[in-house]
Amino acid sequence: MARKAVGEMGIARNSVRLSVKAEIQVRGPRVSNYPTGVRDLSAFGCCIDLVHRVRVHEHLWIKFTGLEALESVVCWEMEFSAGVEFVRPLHPSVMDMLGKRSKA
């Protein structure tokens, strides 16, 4: 039986996350593109910094340099941070490339 990783808020994770530091673009239904940071990353989602509040279940589009925008859904929010789950998980080679390019 596979063990789930546990994140900073004590939430069970589907996979281990990489500690990264990268600038991304975020777009949502109530706000146009703006730059912000991503702090951790897995093939299934990431933790992002925000300049505005979001709501759980809200859809956001996350854009890493060189990739198409990734549709994601907010799983949790706390002040100006949020955990998002990608609608389509990252391909392992894309995950590997982002991990190498964005190491913290």
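The values are calculated or read from the model by the stated rules, or taken from the named source; none is laboratory data. Predicted model, so just to flag it, every value in this text is computed and none were measured. Using ideal geometry, Cβ is built from the backbone for each residue, glycine included, and neighbour counts are taken over all protein chains shown. What goes into the accessible areas is simple: the full protein's heavy atoms, side chains included, and nothing from ligands, DNA or RNA. Shrake-Rupley method; radii C 1.70, N 1.55, O 1.52, S 1.80 Å.
Within segment 44-92, the set of residues being β-branched (Val, Ile, Thr) and in a loop (DSSP other than H, G, I, E, B) comprises VAL51, VAL54, VAL56, THR65, VAL87.
The selection criterion, being under 23 Å from VAL94 (Cβ atoms) and without any contact (Cβ under 8 Å) to a residue 60 or more places away in the chain, does not hold for LEU41. If I filter segment 57-72 down to residues being at pLDDT 95 or above and of a type in the set (A, V, I, L, M, F, W, C), which single residue comes out as surrounded by the fewest Cβ atoms within 10 Å (Cβ to Cβ)? Among those that are at pLDDT 95 or above and of a type in the set (A, V, I, L, M, F, W, C), it is ALA69. Residue count for segment 30-56 satisfying the condition of being open to solvent by less than 30 Å² (accessible area, probe 1.4 Å) and of a type in the set (A, V, I, L, M, F, W, C): 8.
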